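Here's the structure, in structure tokens; my notes come after.
The values are calculated or read from the model by the stated rules, or taken from the named source; none is laboratory data. Predicted model only: the values in this text are computed from it and were never measured. Neighbour counts run over all protein chains shown; Cβ positions are idealised from the backbone, glycine included.
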Amino acid sequence: MAEHPAQRHLRILSTPRAAAFAGVLFAILFGTALYLIRSALPEGGAPGSQWVDGAAGKIKLASTLMPFSGIAFLWFIGVVRDGFGKLEDKFFSTVFIGSGILFLAMIFASSAVGAGLVASRKFVTDDAARTAVSAFGQAMLISLSNTYALRMAGVFMISLGTIWLKTRLMPTWLVIVTYLVALSLLVFADANTWVVLAFPVWVLVVSLLVLVKAGVIDLHFDDDDVRSGAVPTPDKS
């Protein structure tokens, strides 16, 4: 005999408190992958330098880590959005989610280019052709990661910082740091290839604060904006 729907005990689906560890995992995996790629393709390096001193192995490892960091980042987006609760604004949330997904798309595309560079080593034997392929691949990888992905990361941070500023869900110092890091990503991304590491560090800090608010980590903060159970007052301006 089939159970009647009215007799079922439905449960409200809630976000696990420890889900914020996804941001920590993303910061570790993404930061490691970025270091491997940047060290394999040094700034100002000649085309084809990814084949020197085992650099191809670094790019291959980075391409393996990047999908898992992307999965963790999706969980991080979900955890942060869940923290908005009833204070969520559709306009800023749309920009927040859209820029986050575009960031992931650009990072995945640049990782695929890096993996393609490694794979092409087996098929391109002519030195001149290899140099041409390497130059094109390196230019595309840097363009995708620096010009596009980092800009989307900056938009992601600005929209999230604005939400925190208006709802007071996070302390003011974090909002200021968020704006400063976002500005550096938007302006200086092409000037210094290592500035991208500021993003995973920022995600790590945010994740730790979310874990504190969720009560997973007990650090005895005095700031009411960080303490678990604090009720923010939305900004109507």
Next item on the list: For region 121-150, name all the residues that are closer than 20 Å to Leu36 by Cα and small (Gly, Ala, Ser).
Entry: Ser134, Ala135, Gly137, Ala139, Ser143, Ser145, Ala149
Next item on the list: Could you tell me which numbered condition Arg81 fails, if it satisfies all but one of (1) crowded, with 21+ Cβ neighbours inside 10 Å; (2) at pLDDT 85 or above; (3) out of contact with any Gly (no Cβ under 7 Å at 6 or more places or on another chain); (4) not hydrophobic (A, V, I, L, M, F, W, C)?
Entry: (1)
Notebook entry, point to check: Quick one: would you say Phe84 is of a type in the set (Phe, Trp, Tyr), in a helix (DSSP H, G or I) and in contact with a Leu (Cβ under 9 Å, 6 or more places away or on another chain)?
Noted result: yes
Next item on the list: Only residues that are at pLDDT below 80 and within 13 Å of the chain's Cα centre (by Cα): list them for region 21-43, please.
Entry: none
Next item on the list: Evaluate the following for Gly114: is it in contact with a helix residue (DSSP H, G or I) (Cβ under 9 Å, 6 or more places away or on another chain) and closer than 25 Å to Leu169 by Cβ?
Entry: no
Margin query: Give me the residue from region 58-69 that is of a type outside the set (A, V, I, L, M, F, W, C) and surrounded by fewer than 19 Cβ atoms within 10 Å (Cβ to Cβ) and, out of that set, farthest from Ala27 (Cα to Cα).
Written below: Lys60
Item checked: Selection status of Arg8, at pLDDT below 85, more than 18 Å from Leu150 (Cα to Cα), surrounded by fewer than 13 Cβ atoms within 10 Å (Cβ to Cβ) and charged (D, E, K, R) -> yes
Notebook entry, point to check: Hey, which of the helices (runs of 4 or more DSSP H) in region 120-237, taking only ones fully inside, have at least 3 residues that are touching a helix residue (DSSP H, G or I) at 6+ places or on another chain (Cβ under 6 Å), closer than 26 Å to Met106 by Cα and modelled with pLDDT under 85?
Noted result: 127-142
